[in-house]
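Colleague: A single structure is presented below for examination.
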Amino acid sequence: MDAILLQVLNGLDKGGAYALIALGLTLVFGTLGVVNFAHGALFMLGAFCAVTFQKIMTLSKQVKDESITFFDAYKEVPYLEIWFGDTGAAFIDWVVPLSIFMAIPVMLAIGLIMERGLIQYFYKRPHAEQILVTFGLAIVLQEIVKSFFGANPIPTPAPDIVAGSANIGALFGLGDSVVYPYWRLIYLAFAGIVIFSVFAFLQFTTFGMVVRAGMADREMVGLLGINVQRRFTIVFGIAAVVAGLAGVMYTPILPPDYHMGMDFLVLSFVVVVVGGMGSLGGAVAAGFLLGILQSFASMNEVKAIIPGIDQIIIYLVAVIILLVRPRGLMGRRGVMED
Amino acid sequence: MSKTKYTRRGILKSGVTLGAAGVAPSFFVRNAWAQDFTNNPGNASSVTLGFNVPQTGAYADEGADELRAYQLAVKHINGEGDGGMLNTMAPLSLKGNGILGKKVEYVTGDTQTKSDAARASAKRMIEKDGAIMITGGSSSGVAIAVQSLCHEAGVIFMAGLTHSNDTTGKDKRKYGFRHFFNTEMSGAALGPVLEAEFGKDRVAYHLTADYTWGWSQEGSIKKYTEALGWQTNAAVRTPLGAGDFSQYITPVLNSGADVLVLNHYGKDMVNSLTQAVQFGLREKQVNGKQFQIVVPLFSRLMAQGAGENIKGILGSTNWNWSLDDAGSQAFVKSFGAEYGFPPSQAAHTCYVQALLYANAVEMAGTFYPCEVINALEGFEFDGTGNGPTEYRASDHQCFKDVLVVQGNENPSSQFDLLEVVQVVPRAQVEYPAELLGGELGSCA
Amino acid sequence: MSFFKLSRRDALMMLVFTAAVLTMPVWLSPIGAGYPDLVQKFAIYGLFAIGFNILFGLTGYLSFGHAAFLGVGSYTAVWSFKLMSMNVIPAVLLGTLAAGLFAVVIGFISLRRTGIYFAILTLAFAQMCYNLAYSVLTPITNGETGLRVLREDPRYLDSMLGVVQEAVPLGNFFGINMQGYSGFYFCAVMLIIGFFISVRIFRSPFGMKLVAIKSNQTRMRYTGFNTRPYVLVAFVISGMYAGMAGSLMAVTDPLAGAERMQWTASGEVVLMTILGGVGTLTGPLLGAALIKYFENIFSAFNESALLDAFSFLPEPAQHFVVAIVQPFVGEGWHLTLGALFMIIVIFLPGGLVEGISRLVRRRGKSGSDNAGG
């Protein structure tokens, strides 16, 4: 029973992450009609915002280790700790959540530059060329990151207070066996908030209304004298921010390296397509569905019956859903079908 | 049916001659008296070695370190720099004037940690660049793939970082040599330490990367811990590069196991360890005992990626820069002077492999691979950082001391991440060659 | 007209193509690409991309799982080496056939959807194959290490015919070893045949129908035309090309690894095709050669090689130039490749072949409107 409960929790947690990572991708599909293979790179850049922020905050006074003579080895003491003592140390401890404040403007800028500088010229080009150019961009971005930070993962721990596990069992009177990491619960909540904000923004603001109208019939909205283009640029910026935030918050779970974007690229495409192209609700539903199924497929009891099922479950579900529901869970007719 | 014996070596040779003939017809002037073999340097004033390392992908940093070590080795063999281990290795035939008086040059290639790419790169070195020896790599799949290619081509392969038993077991080859240790030796070295630290009455839960190396590692650790009296609760296979391992860690919580063994390497290990620690496993009490995590193979680069989480975790490693024997010191000194930081275990094994090859050629007095292989087989040496070492003739595996290490609780510098718990003597990790099976094949 | 029913123009192209392919080892030598392994790779990946283009270029269906067919071809060929004979003919035939059969199954299911949904279906199938081949199917695929030909394999056909077993078994064509340049010529002949078939398909009524399906499938359907069998045939043909390419990889190097089926491998052939020019005859081959050239030659430039290359410059200038060039070669070859993708697609819409012919046309030099279809 506890095991099942844990797996459900784990599935929700994974689902939240999948939905959040895929959200920006489906947003760009739905509005701009662009197949963005650089979406994974945006996720990675977000994570490296956290790394950069951490590097800046932990700029250190280097005390040479005199016992080593062959090269310079240092014991590093961050300036923040030297100058502000415990306050500085606490600041460093909270570096990942704090880097959100840096990631938002940086990712917005990157998104806007990307859209203005490159993507806008590819709206009318065939999907194949969009794939090639964004894939090229993704490679360039990750190679640049690699040249600065190397290929090795970089540890970016969560604040101490939330580094451990929450005793959820005790909360519901189930005993001590149901524990779950605080940070993963925070991630789930964070994903919920971001997803809800994006929904609300599109649903309840004038800006969102115009964007939705533009998604439905771009030409008509343009004829009404509204600059749809500018709004779509902003949408791309928002997508970049969402992908970036997903990356920032993921760093304590997965120490970031330059290649992490590519690792999540296929997954986020599967989530988006299973949900239905351009459908935000679909992406969220698909994220949770795939998360929970993957979680259960990895249980030893299930693997004993069908060996290797955990390796293929995501793709298997994708195939079944696409065969049963032609446009994914909530896709509209005619989007990306040619 | 076919009477003529076509061997790959013959074809390759003619291929190379043909290819070279197009570019520089005068390059391949064969001497009547020289033995005929692939990429015979003949009278040329230099000889080319092929350094095949991962330059892109997850092991790019390790590959970059390997390449640095090779470049250093080339310098030292050519008599430049401070000589490094040439000052400490014994017996030594190298004179610091290249190999057999020929200046050493090198070509590099990117394995991408993929068998296909690694073989393509090795073939380029053999067919185009005329490499007489191939070395490098950072995974067992690649090592085995390139080793069998080199065996077919008649070029010696000095394996880089490869830890699976198969490299010198089931898939061993006459032309392939491994200096690095393997999972069997890891298990043998870790067993007694695990007993001393955690006792005889433990229940282990394995998470294993679902491919050849992972299985090899899992098998060895199971074998040695079960011999201690440990029970194995479950051994769960995880997909390579899974990223998020949480769905595999949650079942550990209530399994009744009190030790988690992570048979993961590289990025997988960094991720699974980070996540396992987040799940509070290290604070857990099970069966009245403190829960423990063991990572059978790790390196300083991985420890760096795992950060705080690695502190106090036990594992094994081939070599660490903090060793204070003369060989290690000489190597760390020249590597540090050249690049400004200490070498990794991958760099160490690659550096030693390059020296061992050069030395064997010098001993044999010829580049003819069969003679070089003879010189390497059963070669006993010291002064390369792992104590007295022997290249066993029957499987081309080096036998030497193995390090059991622990993530350093209180590092004195940014490089001081591993603390050597015990130097396990060679006698304790030796095993009969028949244990792992395989067949070397013949030379000519 | 008489030359295998080709127009004079196509016959000429065929002749030039044949001559160019067969002399590759010679004219590629000056740029360091004339050695056997790389010219073999050019031919094999060229075949793969040409086949992929029959599906993608003509019908517009973007498959993101073609590497699965390559993998099936490879594994089948190696099993043929293990169980039947070291002769390459059964290996190539069986590899192509197995991939074709596999393509029938995958195609039949995936072609129920179009556009990105089709792409993800094929991707999903290929990823399942890759993941399983890497892990639970290890008894068949030998997992990470890759399936290899061993001396002690049974090879029933060979032993029946009394063929002498080599110490190191290698693929042969009735006694001619398939390593080195002879292997290349075998692949080159396959490439030329494949290219010829592709030209014939492009010019045939069947090809016309495929293009019509690409331009407006709905309209085709409304006229009462059932499009699916045609697309399925195109899918299977291109799957067979991939299978043949896979079996040729095993022929020139008897090893088959699971990573040949990974999504990155599928992505690679997509990139090759787009880079060279979707729907052009020679474009995919060009794209394949370009990517393989970067992978094998650019990645091999290291500092000392660069210093040699620029040794004609005075010392300080030499080091300066090397310092600038170095981030783009050797371990930085991915960066150059990524930048190249962007530059080509930005400045040469339609890929290399299409883009170049467009540039030529813009210069007012009319008459070269068709650089390969």
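The values are calculated or read from the model by the stated rules, or taken from the named source; none is laboratory data. Nothing here was measured: the structure is a model prediction, and the numbers come from that model. All Cβ positions, glycine included, derive from the backbone under ideal geometry; neighbour counts span all protein chains shown.
Colleague: Hey, any hits in segment B:284-300 for a residue that's under 22 Å from B:Glu184 (Cα atoms) and in a helix (DSSP H, G or I)?
Modeller: Yes, that holds for at least one residue.
Colleague: Then there's this: Hey, among the residues in segment C:341-351 that are surrounded by 18 or more Cβ atoms within 10 Å (Cβ to Cβ) and facing another protein chain (nearest Cβ under 7 Å), which one's nearest to the chain's Cα centre (by Cα)?
Modeller: Only one residue tops the list, namely C:Phe341.
Colleague: In segment C:113-228, which helices (runs of 4 or more DSSP H) lie fully inside it and hold 3 or more residues that are of a type in the set (Ser, Thr, Tyr) and under 29 Å from A:Ser268 (Cα atoms)?
Modeller: Answer list for segment C:113-228: C:115-134.
Colleague: Now for a separate question. Residues A:Leu267, A:Leu290, A:Leu254: which one is under 12 Å from the mean Cα position of the chain (by Cα), aliphatic (A, V, I, L, M) and part of a helix (DSSP H, G or I)?
Modeller: A:Leu267
Colleague: Among the residues of segment B:84-110, how many are of a type outside the set (Phe, Trp, Tyr), buried (at least 22 other Cβ atoms within 10 Å of the Cβ) and facing chain C (nearest Cβ under 10 Å)?
Modeller: Final tally of qualifying residues: 4.
Colleague: Here is a follow-up. Looking at (1) within 20 Å of B:Val104 (Cα to Cα); (2) within 14 Å of another protein chain (Cβ to nearest Cβ), which one does B:Ile310 not meet, given that it meets all the others?
Modeller: (1) is the only condition that B:Ile310 fails.
Colleague: Next question. Being within 14 Å of chain A (Cβ to nearest Cβ) and within 22 Å of the chain's Cα centre (by Cα) narrows it down to one of B:Ala360, B:Ala257, B:Ala276, B:Ala347, so name that one.
Modeller: B:Ala347
Colleague: Right, here's the next one. Can you tell me how many residues within segment C:205-223 are farther than 14 Å from C:Gly115 by Cβ, surrounded by 13 or more Cβ atoms within 10 Å (Cβ to Cβ) and basic (Lys, Arg)?
Modeller: 2
Colleague: Can you go through B:Gly22, B:Gly84, B:Gly50, B:Gly98 and tell me which one is among the small types (Gly, Ala, Ser), under 20 Å from C:Gly32 (Cα atoms) and at pLDDT 90 or above?
Modeller: The conditions single out B:Gly50.
Colleague: Can you work out which of the residues in segment A:140-160 that are among the β-branched types (Val, Ile, Thr) and more than 10 Å from chain B (Cβ to nearest Cβ) is surrounded by the fewest Cβ atoms within 10 Å (Cβ to Cβ)?
Modeller: A:Ile144
Colleague: Could you tell me which numbered condition A:Ile131 fails, if it satisfies all but one of (1) crowded, with 19+ Cβ neighbours inside 10 Å; (2) within 22 Å of the chain's Cα centre (by Cα); (3) modelled with pLDDT of 90 or more?
Modeller: Tallying (1) crowded, with 19+ Cβ neighbours inside 10 Å; (2) within 22 Å of the chain's Cα centre (by Cα); (3) modelled with pLDDT of 90 or more, A:Ile131 fails exactly one: (3).
Colleague: Go through segment A:304-320 and give me each residue that's at the interface with chain C (Cβ under 10 Å from one of its Cβ atoms), assigned to a helix (DSSP H, G or I) and either within 22 Å of A:Leu5 (Cβ to Cβ) or β-branched (Val, Ile, Thr) (or both).
Modeller: Matches in segment A:304-320: A:Ile309, A:Asp310, A:Ile312, A:Ile313, A:Ile314, A:Val317, A:Val319, A:Ile320.
Colleague: For the structure I just gave you, tell me whether C:Ala234 is part of a helix (DSSP H, G or I) and outside the structural domain of C:Gly115 (by TED's automatic domain parsing).
Modeller: Judged against the criteria, C:Ala234 is not a match.
Colleague: Those residues that are of a type outside the set (A, V, I, L, M, F, W, C) and facing chain C (nearest Cβ under 8 Å), I need them from segment A:104-139; list them, please.
Modeller: Answer for segment A:104-139, where residues must be of a type outside the set (A, V, I, L, M, F, W, C) and facing chain C (nearest Cβ under 8 Å): A:Tyr121, A:Arg125, A:Pro126, A:His127, A:Glu129, A:Gly136.
Colleague: State which residue is farthest from C:Leu150 (Cα to Cα) when the search covers only segment C:86-117 and only residues that are touching a residue at least 12 places away in the same chain (Cβ under 8 Å) and aromatic (Phe, Trp, Tyr).
Modeller: The residue in question is C:Phe108.
Each row is one residue, and each column tells you yes or no for (1) outside any strand (DSSP E or B); (2) closer than 21 Å to C:Thr138 by Cα; (3) more than 13 Å from every other protein chain (Cβ to nearest Cβ).
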{"residue": "B:Gln112", "(1), (2), (3)": "yes, no, no"}
{"residue": "B:Ala122", "(1), (2), (3)": "yes, no, no"}
{"residue": "B:Thr135", "(1), (2), (3)": "no, no, yes"}
{"residue": "B:Lys174", "(1), (2), (3)": "yes, no, no"}
{"residue": "B:Glu184", "(1), (2), (3)": "yes, no, yes"}
{"residue": "B:Ala189", "(1), (2), (3)": "yes, no, yes"}
{"residue": "B:Val193", "(1), (2), (3)": "yes, no, yes"}
{"residue": "B:Ala196", "(1), (2), (3)": "yes, no, yes"}
{"residue": "B:Leu207", "(1), (2), (3)": "no, yes, no"}
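Colleague: Okay, moving on. Can you say whether A:Leu23 is within 14 Å of chain B (Cβ to nearest Cβ) and touching a residue at least 24 places away in the same chain (Cβ under 8 Å), as far as the supplied structure shows?
Modeller: no
Colleague: Something else: Sort out which residues of segment B:244-275 are outside any loop (DSSP other than H, G, I, E, B) and in contact (Cβ under 8 Å) with a residue 40 or more places away in the chain, and write them in order of number.
Modeller: Hits for segment B:244-275 are B:Tyr248, B:Ile249, B:Val252, B:Val259, B:Leu260, B:Val261, B:Leu262, B:Asn263, B:Lys267, B:Asp268, B:Ser272, B:Leu273.
Colleague: What's the number of the condition A:Gly282 fails, among (1) touching a Ser or Thr at 6+ places or on another chain (Cβ under 9 Å); (2) assigned to a helix (DSSP H, G or I); (3) of a type outside the set (A, V, I, L, M, F, W, C); (4) at the interface with another protein chain (Cβ under 9 Å from one of its Cβ atoms)?
Modeller: Among (1) touching a Ser or Thr at 6+ places or on another chain (Cβ under 9 Å); (2) assigned to a helix (DSSP H, G or I); (3) of a type outside the set (A, V, I, L, M, F, W, C); (4) at the interface with another protein chain (Cβ under 9 Å from one of its Cβ atoms), A:Gly282 violates only (4).
Colleague: Looking for something more than 14 Å from chain B (Cβ to nearest Cβ), at pLDDT below 90 and part of a helix (DSSP H, G or I) - is there at least one such residue anywhere in segment A:167-181?
Modeller: yes
Colleague: I'm trying to understand the selection: among the residues of segment C:316-335, which are surrounded by fewer than 18 Cβ atoms within 10 Å (Cβ to Cβ) and within 22 Å of C:Ala289 (Cα to Cα)?
Modeller: Result: C:Phe328, single match.
Colleague: Condition first: surrounded by fewer than 24 Cβ atoms within 10 Å (Cβ to Cβ), at pLDDT below 90 and of a type in the set (A, V, I, L, M). Now tell me which residues in segment A:267-293 satisfy that.
Modeller: The answer is A:Leu280, and nothing else.
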